[in-house]
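To start, the structure under review is shown below, and the notes come after it.
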Amino acid sequence: MFGWFKNKKKEDQAAPEDSEASLDLESDDNDSKPLLDGLARTRSSFMERVESLFLGRKEVDNDLLEDLEEVLITADLGVGTAQELLESARSMAARNELADPAALKKILQEKIIEYLEASGAEQELRMPDSGPLVIMVLGVNGVGKTTSIGKLANKFRKAGRKVVLVAADTFRAAAAEQLGIWGERIGVEVVAREAGADPSSVIYDALDSVSGRQSDVIIVDTAGRMHTQVNLVEELKKIKRVMAKKIPGAPHEILLVIDATTGQNAISQARLFNEAVDITGLVLTKLDGTSKGGIVVNIARELKIPIRFIGVGEQLDDLRDFEPREFVDALFGNS
Ligand SMILES: Nc1nc2c(ncn2[C@@H]2O[C@H](COP(=O)(O)OP(=O)(O)OP(=O)(O)O)[C@@H](O)[C@H]2O)c(=O)[nH]1
Ligand SMILES: [Mg+2]
């Protein structure tokens, strides 16, 4: 279970779940819509293919494995991932360890969970020992940064945390206003300046102005930019440096937002941004709008950066903590 824990050292993370200090952002009423619904498009296209492949087959032979490889690639799991999955299935089949297609399906799920867990998705984030948790959010244009910030702020607020949002997207005219609307809607403070201001100076001033007041979480929205725009990527480095100057250790989390409908280009986005600012986690949005949700597995395997949240819709509650097992159950339609 992924959640934020306040002022907790690693060794006492095994504290009881109802501990006062623990902060689990996945409260029951966040789950108004089952994850199954959000992944419906991926599940129906992926599972329908897998099921029809397995239909009437009694054993796992080479033909079946080859067809399966194609299905995995079509669902955007990536060629490398598909080949690796199939390689281990083949060697199990050769050792007679795969009795039937049902056993193959089970192995497939376990392997996918392994990839997702190896990326660190299960690791819990921690609040800093003192001062607010500062989260910097970045990504290419229109991927869902501002919307995800609104949803995330709402999660924190519902968990009893005082949140401040900083509008450091001074590039797009209506950006600060958009964040302001979210702030009003969920009842959290938004710090903004005029459009065109230097984003680093907005952040510098914002961190100054909130430092005297007690806030638990500060989330900084940045302007959308292509991962290939060298100057704009440099600007992100500067933003990061400014935060560290104002609050030692900040930003504690650097979340890259990726649109799941982007396909394989998502990998190069994450790679270049990561080289620039050391991404600590990913937010994968718009999974409800794609039948290629396999990209989640591909990203986890290729990048080894934990997926923290997934966006499965435009509503306030449609940002979900990412949990590998729950995701795979929803993908395979396990009840
Ligand atoms: N279906 C769906 N739509 C989403 C999701 N997340 C965001 N959106 C939509 O994506 C669009 C863009 O969202 P924004 O939050 O403005 O994206 P942004 O990355 O801040 O955009 P820029 O600041 O212009 O770079 C909006 O219409 C959102 O409602 C999601 O998980 N599912
Ligand atoms: Mg935005």
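The figures follow:
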| read-out | value |
| --- | --- |
| Trypsin sites (Lys or Arg not before Pro) within segment 243-321: DSSP coil, no more than 13 neighbouring Cβ in 10 Å | 304 |
| Area of residue 147 that stays accessible when all protein chains are in place (1.4 Å probe, Å², to 10) | 40 Å² |
| Residue-span extension gain [residue 84 to residue 37] - 0.36 nm each, minus C-alpha spacing | 14.0 nm |
| Angstrom value of the Kirkwood radius, inverse mean 1/r, which spans all Cα pairs in the chain | 20.9 Å |
| Fraction of beta bridges assigned by DSSP in the chain that are antiparallel (%, nearest 5) | 15 percent |
| Stokes-Einstein translational diffusion, segment 250-317 - Kirkwood Rh over all Cα pairs, 1.306 mPa s, 10 °C, in µm²/s | 131 µm²/s |
| Residues of the chain: accessible area per residue with a 1.4 Å probe, Å² | 44 Å² |
| Percent accessible area from carbon and sulfur atoms, the chain, protein chains only, probe 1.4 Å | 48 percent |
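The values are calculated or read from the model by the stated rules, or taken from the named source; none is laboratory data. As the structure is a prediction and not an experimental result, all values here were calculated from the model. Cβ: placed from backbone, ideal geometry, glycine included. Neighbour counts: every protein chain shown. Areas reflect the complete protein model, heavy atoms only, side chains present, ligands, DNA and RNA absent. Shrake-Rupley method; radii C 1.70, N 1.55, O 1.52, S 1.80 Å.
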